[in-house]
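The values are calculated or read from the model by the stated rules, or taken from the named source; none is laboratory data. Nothing here was measured: the structure is a model prediction, and the numbers come from that model. No Cβ is skipped: glycine too gets one built from the backbone with ideal geometry, and neighbour counts run over all protein chains shown. Ligands, DNA and RNA are excluded from the accessible area calculation, which covers all protein heavy atoms including side chains. Shrake-Rupley method; radii C 1.70, N 1.55, O 1.52, S 1.80 Å.
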Amino acid sequence: MNTRISSSVQLNILVIEDNPGDFLLLEEYIEEMFVNSTITHARNYSDACKILTDQKLIFDLILLDLTLPDNKGLILVSDILALANQTPVIILTGYENLDFSISSLALGISEYLLKDEISAYSLQKSILFSIEREKHLKNIKESEKRYSELFHLSPIPMWVYETSSHQILNVNPAAIKKYGYSETEFLNMSVLKLLSDEEKQKIHNLNNPQFNESNKRMEHKLKDGKLIQVQIEQNHLTLDNRKCCIMLSNDITELIETQDSLRTAYRNIIEIEEKEKEKFAAELHDGLQQNLVAAKLIFSFLTEQFTILAQEPRAIFMNQSLEIALDECYQIIKDIRPKRIIENGFYAEIEDLIQKVKATGTIEVLLTKDAEMDQLFEYFDLMHLYRITQELFNNALKYAASNKFELSFSIQANQLQLTFTDDGNGISKAILNSKSSFISLKRRVQILSASMGIKSEPNKGSSFHLSIPLK
């Protein structure tokens, strides 16, 4: 059953046909199937040129007879396509010629119809398919244009390479400027050539999953031999039936140098702080603590000489006060200068810290020790890890209202994994999002070139996870 297109759709169709009988038949078919259409008739190529060059006229489709008085064949097809401005063109002919039809399709026509086989329905179908096909092709071309503009106008170096051969197929001007190779040089080289010698040793072939990861940091070598650190982003795509990757290379050398400078500055600040603490602890030990010890010894001597004094309540109170002061002085010195890290090892100091936590109430603390800390880290790094753990405990004691802490040290993927969790009331979003929160903790994390993740849910507790690379 023949169907008509909705009357709300209006088509403007140009028919280029020199035979009056054939035009009347086409006009009848079009008016039957497209009731709201406008038909323009050109009797020869010259008329068609005038109509198609009139900028006021826009057509949805062109029906073209292959044999006109003033032009014909492939030359006619090429000339009309040049004037059509991407308007779909359907060829009408009275002769079946397979080679010619293939050549015409290759030039860009939408359809090739034999006049003797045309019916109202077949013409309607060809017109609709041709228009929709042209819309689809136009969308593809616009998409390709946008991709091309994004690719070539991007200020970030980009290139496309074939995944099987690793051959670079396309490169943007930013990459040419950054790396120093000409476009010709890029298109005649493997993407492997951009890697530094050290990076090539890590990656034996480009099918290595590590290379195909996105958001990966790599070291590249420019044409002049200069090494740069880059952040790689890449996506797979298919071009001309070939599996390819588009790779984006963002130079982060200056960023890394800035981070290294900040890390060095933070390390210097922390080391100065630790030295000041050491100096303060030494002054406490050599000054106040020694004076307290001397006072305790003198007082003990006096109570031994004067037994009456030993029974005096004020004397007893004074003796107890001296013992408390000595103990507190000892604990302050110990907290400031945890020498047991050197003397007895890292975990001995951590376990001492845990005992202090347990002494504050009924808090249960679980410790998992799956890393040989003293063998993996130097003293100052161990000091930073101890201070980080100390701050995690202190923060949880102050704010979490927890009943249970869990602390674990383990090794995964050549990194120390430090995890601290509590079952308290959680950390508010305001504190988590504040740049001023956990400043000391973040500073020490940066000094260790570590990464830190924080998870927290109201009334379900918090979790701190640190990944520290091993040197």
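Listed values, structure above:
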{"quantity": "Estimated translational D of the stretch 243-324 in µm²/s (Stokes, Kirkwood radius over Cα pairs; 25 °C; 0.890 mPa s)", "calculated": "135 µm²/s"}
{"quantity": "Extended-chain gain in nm, criterion 0.36 nm per residue less alpha-carbon gap, ALA315 and ASN139", "calculated": "53.7 nm"}
{"quantity": "The stretch 322-432: C-alpha gyration tensor shape, a/c 1.5 cut-off, then a/b vs b/c", "calculated": "oblate"}
{"quantity": "Difference of contour (0.36 nm per residue) and Cα-Cα distance, ASN344 to TYR95", "calculated": "79.6 nm"}
{"quantity": "Helix 346-358 vs. the chain, principal-axis angle (Cα, 0 to 90°, nearest 10)", "calculated": "80 degrees"}
{"quantity": "Members of LYS115/LYS135; LYS429/LYS455; LYS356/LYS398; LYS277/LYS358; LYS202/LYS471 lying beyond 20 Å, as alpha-carbon distances in this model show", "calculated": "LYS115/LYS135; LYS277/LYS358"}
{"quantity": "Kirkwood Rh in Å, taken over the stretch 370-453 so that all alpha-carbon pairs contribute", "calculated": "14.0 Å"}
{"quantity": "Trypsin sites (Lys or Arg not before Pro) lying in DSSP loop within the stretch 326-428, provided at most 16 other Cβ fall within 10 Å", "calculated": "LYS339"}
{"quantity": "Residues of the chain: accessible area per residue with a 1.4 Å probe, Å²", "calculated": "58 Å²"}
{"quantity": "Calculated [θ] (222 nm, deg cm²/dmol) that DSSP helices of n ≥ 4 give over the chain, each run adding -39,500 (n - 2.57)", "calculated": "-15500 deg cm²/dmol"}
{"quantity": "Per DSSP, loop GluC sites (Glu not before Pro) in the stretch 350-450 with at most 12 further Cβ within 10 Å", "calculated": "GLU378"}
{"quantity": "Correct choice for log10 I(q)/I(0) by the Debye sum over Cα atoms at q = 0.09, 0.12, 0.14 Å⁻¹ that was computed from the model, options (1) -0.72, -0.99, -1.19; (2) -0.85, -1.10, -1.26; (3) -0.69, -1.09, -1.32", "calculated": "(2)"}
{"quantity": "Relative contact order [Cα under 8 Å, 6+ residues apart], the chain, whole percent", "calculated": "7 percent"}
{"quantity": "Between helix 379-399 and the chain: long-axis angle, C-alpha atoms, 0 to 90°, nearest 10", "calculated": "90 degrees"}
{"quantity": "Degrees between helix 73-84 axis and first principal axis of the chain (Cα, 0 to 90, nearest 10)", "calculated": "50 degrees"}
{"quantity": "Kirkwood estimate for the stretch 31-136, i.e. one over the average of 1/r between Cα atoms, Å", "calculated": "14.3 Å"}
